[in-house]
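See below for the structure under consideration.
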Amino acid sequence: MIFLALMLGTGLTVLAAFYDFPGPLNAVVALTIACLKATLVVLYFMHVRYSGRLIWLVIIAAIFWLAIMFAITFSDYWTRNWLPIS
Amino acid sequence: MEEFVIPKQPGSNYLNAEYGLKSWLLTKDHKRIALLYLGAITFFFFIGSLYAMMIRLELLTPQGDLMQSSTYNKTFTQHGIVMVFFFLIPAIPATLGNFLIPMMIGAKDLAFPRINLLSWYIYMAGGIITIYALLAGGVDTGWTFYVPYSTTFSNSYVIATGVGIFINGFSSILTGLNFIVTIHTMRAPGMTWFRMPLFVWSHYATSLIMILGTPVVAITILLVALERLAHIGIFDPAAGGDPVLFQHLFWFYSHPAVYIMVLPAMGVVSELIANFSRKNIFGYKFVAFSSLAIAVLGFLVWGHHLFVASQSVYAGMIFSFLSFTVAIPSAVKVFNWTATLHKASISYDTPMLYGLGFIGLFTIGGLTGMFLATLAVDVHVSDTYFVVAHFHYIMVGGTLLAYLGGLHYWWPKISGRMYPEGWGRFSALVVFVGFNLTFAPQFLLGYMGMPRRYHTYPVELVSWQVLHVLSTAGASILGVGLMIPLIYLVWSMRYGRIAEANPWHLPGLEWQTPSPPPTENFLTTPIVTHEAYEFAPPEHKEVVGKFERQQPAES
Amino acid sequence: MPEGLAATHEHASHPALRHHFENMEQQREAGTLGMWVFLVTEIMFFGGMFLAYTLFRYEYPAAFVSASNHLDIKLGALNTGVLIVSSFTMAMAVYSTQIGRQKATIICLILTMILGATFLGVKAIEYHDKYNDQLIPGQLIPWRPFNPEVAKPGDTDPHKLHLIEGATTQNVQLFYWIYFAMTGMHALHMIIGLGIMTVILIMAWRGKFSPEYHAPVEISGLYWHFVDIIWIFLFPLLYLLGRHLEHGG
């Protein structure tokens, strides 16, 4: 338990230190670390690692739905300039 | 079929277990909460209908002679808001769902009874705030609150209405949460997922949508309110914002919302069709999975409301294709219901009339949805009366009819009385005729180009006026047809024939308990040993391969 | 065959067992599932704002970087640390209840609440700084509208806005709008969380929890961890956008 707390703590410091990456990689690194930290909180602090399949299903469904909202909305914004519309 | 023996008990049921206003307002009994909702929902339906009447009266003549355009804007906006948020979305889940789901799965109550009561209070709070906004001056943005009009230019009570709807959304979320947890954790022994009535399956799917979609519209309304207060520009193009972002966020909920409106109705119809044809639903698993499929696919199609809103054409194509796929599970259900009717022993009682009406009208509404999903056709009919007719076929011809059918079907269980059957059938017919007369002309009007949300139309187009007059005449007939059940249902609560526990002689779990039920639903916890809609006695079932075929009883 | 009858057996039921549940296990399962379903709604709620953020960052990268750089990274990092430790103390509180150590539970709950309050305090300091620099968007504060001083090239005053190339003040305002909406909503959830913790603390003080009955602590813990997770995502997205450009911009 304590071990995990330290892990998360270091994750945090690493994140803050990593602000010297070039270009878009910066965002990727920051978000990946955030995801990792969130995963640890979910699995261990929220006991999901030891929970039944139903809880896993609920979490996966939530992430999936969030992904749908992002992905299809972006399908609009990223393709707007593909066709020159007068 | 062996009748389950109801032990005689001294007439104590949920209605007379306790008396007094406090026992109703502080109740934790899901059945009483369902009745609280029933009263509130009927009230809001009445208000929404008044607005509808004003709309139809104005459109009798081509000129804008009944009201100014600004007043008309408020009228159709408020008609939409009250009907969508305060009637259609909660109607079946909060009344029939609340009442029946615990009974259908053999539970004593929902998982969180106090949260259930809270959701009613939240609904009332949202409703009162919205009514305040309507009385204080109304809102004129359309129920869809499109920006930048709603954030920047409208001088009406957008924020107050928004707050009312925002609060009301939590009612929806809590109901959905309650249903999901109840269905997962409180089924009686032996009640496996595939023995549950389809009514429960469809409410489960509806609850998924409520949970996943409502928060998004909540945040959207919040953003609109903040924008109106602070004038920053998240949706204002002049300030770098994007009005289409609003439409994406709004419709991400509002399209699945229409499935919140129709899935419970489909659940009711499954019950009506199976029970009034005394036959197991054809393809039970297909219908169950179709409910889930509609819930999932319904979240992928919102962009079909943005086809003409400068959304990317490529995104439009994706949404058009996905919109076609969402029709498939709905069609599966319609085919399964029809197959259930084949060679069945159909009794044309009032609930069945409503159920049959649903199938026909929902099919028409759904097919016209296919026209709208076609990009090129949509360019022509978007924002015309074609769209208006399409969604009214589904919402009125579909949801309202199913709601009435369910109300009649379960009325003996809810009130312990039978409604007068003759009047029931008569008003069902009046509703059906009135409804079609109201909305069928609107398809033609829309196709010919009559825009929606306009209160005037060209005097020269006589055919348009003819159609509008027909539509208003139909609306009057529909109104009469809806008043009649209101009268006789209230009448029956005191003077109706007293109903026995199982007046329709059906195998469902909710019919195996007295009418009206005791507060804890069942006198003893049921143990479920057979499938849903089991009409034939087990000794008459023949196992062929892995399918069981029910033979009629030999006598 | 007719439905079987199962006699509802009388058994010594736990005082916290609600009448519509058959046993404590069912009650606990229902409560936990209920909280998870509620968290799903919260994910979608915040998700809408994350979507708006992502879209506008994509549209106006320069403005977002400039605005992000203006936020105090030390305070943000401090807050992140505070919340993570508070999640840890919360998990310890749950663990203590599970093994029946009432005193440890109470201490852990109080620590969690202190850390939560610290977070809110730091947030208040940050908001005050924004107020001073006139960065509160639009007319939200009518007597102090959005009107930050833009730094000239070479000026290193931290209270002035340093715009990198391509950024406009108008778009910076958009960033702050989102910043306040998201952190404000998050702070509101923290306050609600503190309220929940107060109730749980009172219950723990009164000795209501035991190894057989600790579901409310678990369920509150789930809520608390979730609020922490939201911040775990907010911090990099709002504070760390373009720090690598800080010294060059």
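Points to keep in mind about this one:
- To the nearest ten degrees, helix C:61-70 and the longest principal axis of the Cα atoms of chain C are 80 degrees apart.
- With contacts taken as Cα pairs under 8 Å at a separation of at least 6 residues, chain C carries a relative contact order of 31 percent.
- Karplus 3J(HN,Hα) series, Hz, for the range B:326-336 with 6.51 cos²θ - 1.76 cosθ + 1.60 (x for Gly, Pro): 5, 6, 4, x, 5, 5, 4, 5, 4, 5, 5
- Between the Cα long axis of helix C:215-239 and the first principal axis of chain C there is an angle of about 10°, rounded to the nearest 10.
- Net charge of Cβ neighbours under 12 Å - reference C:LEU83; Lys, Arg +1; Asp, Glu -1: +1
- In chain C, the longest principal axis of the Cα atoms and the axis of helix C:102-132 are about 20 degrees apart.
- Using the Cβ of B:ASN16 as centre and a radius below 14 Å, the other residues enclosed give a net charge of +2, where K and R count +1 and D and E count -1.
- Under 16 Å, Cα to Cα: Lys pairs in chain B, sequence gap 8 or more or different chains: 10
- Cα-based shape type of chain B, given that a ≥ b ≥ c are square roots of the gyration tensor eigenvalues and the cut on a/c is 1.5: prolate
- Exposure proxy shown here: for B:VAL379, A:VAL42, the number of other Cβ atoms within 10 Å sets the order, fewest to most, as B:VAL379, A:VAL42.
- Counted charge near C:LEU174, where neighbours are those whose Cβ lies closer than 13 Å (Asp, Glu -1; Lys, Arg +1): -3
- Under a 5 Å amide H cut-off, with hydrogens placed 1.01 Å from N, A:MET46 pairs with nothing among residues at least 5 apart or on other chains.
- Counting, for every residue in A:50-59, the Cβ atoms of other protein chains within 10 Å of its Cβ and taking the mean gives 3.
- Of the residues B:MET103, B:MET54, the one with the fewest other Cβ atoms within 10 Å heads the list, and the complete ranking is B:MET54, B:MET103.
- Over all projection directions, the Cα-based convex hull of the range C:1-134 averages an area of 14.9 nm².
- Evaluating 6.51 cos²θ - 1.76 cosθ + 1.60 at θ = phi - 60° for every residue in the range B:78-93, the Karplus couplings come out as 6, 4, x, 4, 5, 5, 5, 7, 10, 10, 4, 5, x, 3, 6, x Hz, glycine and proline recorded as x.
- Amide H contacts of B:ARG417: B:ALA499, each under 5 Å away and 5 or more positions distant or on a separate chain (H built 1.01 Å from N in the peptide plane; Pro and chain starts excluded).
- Cα-projected label distance for B:LEU461 with B:PHE286, points at 7 Å along beta-carbon direction, nm: 4.2 nm
- The relative contact order of the range B:434-512 comes to 38 percent, based on Cα pairs under 8 Å that sit 6 or more residues apart.
- In order along the range B:437-454, phi translates into HN-Hα couplings of 5, 6, 9, 5, x, 6, 4, 5, 4, x, 5, 6, x, 5, x, 7, 6, 10 Hz, rounded to whole numbers, per the Karplus curve 6.51 cos²θ - 1.76 cosθ + 1.60 with θ = phi - 60° and x for Gly and Pro.
- Annotation: the residues B:LYS285, C:LYS130, B:LYS108, sorted from fewest to most other C-beta atoms within 10 Å of their own C-beta, follow the order B:LYS285, C:LYS130, B:LYS108.
- Relative contact order (%) - chain B, alpha-carbon pairs under 8 angstrom, separation at least six: 18 percent
- Remark on C:LEU161: its backbone amide H falls under 5 Å from those of C:GLU149, C:VAL150, C:ALA151, a criterion applied only to residues 5 or more positions apart or on other chains, H modelled at 1.01 Å from N.
- Excluding exposed DSSP-loop GluC sites (Glu not before Pro) (at most 11 other C-beta within 10 Å), longest clean stretch of chain B: B:4-459
Taken together, the values in this text are just the output of simple stated rules run on the coordinates, not laboratory data. Keep in mind that what you see is a predicted model, and the values were worked out from it rather than measured. So basically every Cβ, Gly included, is an ideal-geometry build from the backbone, and we count neighbours across all protein chains shown.
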